[in-house]
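Visitor: Mind having a look at this structure? Questions to follow.
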Amino acid sequence: MSDLIYVVATPFKNNATSSLPIKDFEFALSFDLKWMSPDQACRVRDMAIRAALLKIEDGKLTLTTDPDSISIPSGFKPSADMFREKVLIDHLVDVISASTGMGAKGVASAINDRQSQLSDLVGVEVAALLVAREMGCDIDDIYGQVYEDVIGGV
């Protein structure tokens, strides 16, 4: 799994809940865990929402997967490159990985296989959507992003 899912899941696991007020989530990342600045915690929140790892419901952040299904490695700390801007395919891989528990390499391989099966007639993002749907991932929030990316490139 990617660092993002571990970072996002930690405040929920530490509080034994599947939803947290937005400020509590950001506070946990920046002050409780001392992993990042408050501004970076806001960026992580936004990245996780775009990656469909979190959603906002009634003013609270809700983890889209069961916190108990995520096993955070002992002594985990997020890497510095976590804050680099990710491209859409990275978000799709994160969502599939978080939903299925499959590692990023396995997800990438499944996406590449699916794209090859379709004779490379579709882009990697579309192949990723197909893999995600086949694996039962909730990707409804990502369709618009892929549509914009695919149509915008035409």
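The values are calculated or read from the model by the stated rules, or taken from the named source; none is laboratory data. Remember, predicted model here, so these are calculated numbers, not experimental data. FYI the Cβ positions are ideal-geometry reconstructions off the backbone, even for glycines, and counts take in every protein chain you see.
Visitor: Would you mind finding the one in Val87, Val93 that is under 17 Å from the mean Cα position of the chain (by Cα) and surrounded by fewer than 16 Cβ atoms within 10 Å (Cβ to Cβ)? Explain how you work it out, then say what you get.
Guide: Numbers: Val93 fails: surrounded by fewer than 16 Cβ atoms within 10 Å (Cβ to Cβ).
Answer to the check: Val87.
Visitor: Step by step: first the residues of the stretch 131-154, then only those that are outside any helix (DSSP H, G or I) and acidic (Asp, Glu), then the one that is nearest to Ala48 (Cα to Cα). Which residue is that? Steps first, answer last, please.
Guide: Restricting attention to the stretch 131-154, the residues satisfying the condition of being outside any helix (DSSP H, G or I) are 135-142, 153-154.
If we keep only those that are acidic (Asp, Glu) as well, we get 138, 140-141.
Values: Asp138: 14, Asp140: 15, Asp141: 12 Å.
That would be Asp141.
Visitor: Kindly establish whether Ile111 is in the same structural domain as Val126 (by TED's automatic domain parsing) and either under 18 Å from Val131 (Cα atoms) or not acidic (Asp, Glu) (or both).
Guide: Working: in the same structural domain as Val126 (by TED's automatic domain parsing): yes; either under 18 Å from Val131 (Cα atoms) or not acidic (Asp, Glu) (or both): yes.
Yes; evaluated as a whole, the condition is true for this residue.
Here is a yes/no grid of residues against (1) modelled with pLDDT of 90 or more; (2) in a helix (DSSP H, G or I); (3) over 20 Å from Ile49 (Cβ atoms):
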position	(1), (2), (3)
Ile89	no, yes, no
Ala98	no, yes, no
Ile111	yes, yes, yes
Leu129	yes, yes, no
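Visitor: Of everything in the stretch 35-54, what is part of a helix (DSSP H, G or I) and not acidic (Asp, Glu)? Give them in sequence order.
Guide: Initial filter on the stretch 35-54 (part of a helix (DSSP H, G or I)): 38-50.
Of everything in the stretch 35-54, those that are part of a helix (DSSP H, G or I) and not acidic (Asp, Glu) turn out to be Pro38, Gln40, Ala41, Cys42, Arg43, Val44, Arg45, Met47, Ala48, Ile49, Arg50.
Visitor: Moving to a separate point now. Looking only at the stretch 135-150, how many residues end up being surrounded by fewer than 12 Cβ atoms within 10 Å (Cβ to Cβ) and either in the same structural domain as Ala51 (by TED's automatic domain parsing) or in contact with a helix residue (DSSP H, G or I) (Cβ under 8 Å, 6 or more places away or on another chain) (or both)?
Guide: 2
Visitor: Which of the residues that make up the stretch 15-51 are polar (S, T, N, Q), touching a helix residue (DSSP H, G or I) at 6+ places or on another chain (Cβ under 7 Å) and under 25 Å from Gly101 (Cα atoms)?
Guide: We begin by selecting, within the stretch 15-51, every residue polar (S, T, N, Q); these are 15, 17-19, 30, 37, 40.
So of that shortlist, the ones also touching a helix residue (DSSP H, G or I) at 6+ places or on another chain (Cβ under 7 Å) come out as 18, 30, 37, 40.
The one that is polar (S, T, N, Q), touching a helix residue (DSSP H, G or I) at 6+ places or on another chain (Cβ under 7 Å) and under 25 Å from Gly101 (Cα atoms): Ser18.
Visitor: Looking for whichever is in contact (Cβ under 8 Å) with a residue 24 or more places away in the chain, of a type in the set (D, E, K, R) and under 21 Å from Val7 (Cβ atoms) here; the options are Asp149, Asp141. Which one fits? Spell out how you get there, then give the answer.
Guide: Values: Asp149 fails: under 21 Å from Val7 (Cβ atoms).
Answer to the selection: Asp141.
Visitor: Quick check: anything in the stretch 57-80 closer than 24 Å to Asp24 by Cβ, of a type in the set (Val, Ile, Thr), in a strand (DSSP E or B) and out of contact with any Gly (no Cβ under 7 Å at 6 or more places or on another chain)?
Guide: Yes: the stretch 57-80 contains one or more residues that are closer than 24 Å to Asp24 by Cβ, of a type in the set (Val, Ile, Thr), in a strand (DSSP E or B) and out of contact with any Gly (no Cβ under 7 Å at 6 or more places or on another chain).
Visitor: Within the stretch 1-58, track down each residue that is within 14 Å of Ala80 (Cα to Cα), charged (D, E, K, R) and at pLDDT 90 or above.
Guide: Scanning the stretch 1-58 gives a single hit, Lys34.
Visitor: Within the stretch 113-127, restricting attention to residues that are of a type outside the set (Gly, Ala, Ser) and either at positive phi or not in a helix (DSSP H, G or I) (or both), which residue is surrounded by the most Cβ atoms within 10 Å (Cβ to Cβ)?
Guide: Of the residues in the stretch 113-127, the ones of a type outside the set (Gly, Ala, Ser) are 113-115, 117-118, 120-122, 124-126.
Remaining after also requiring either at positive phi or not in a helix (DSSP H, G or I) (or both): 118, 120-122.
Working: Leu118: 12, Asp120: 11, Leu121: 9, Val122: 15.
Out of the qualifying residues, it is Val122.
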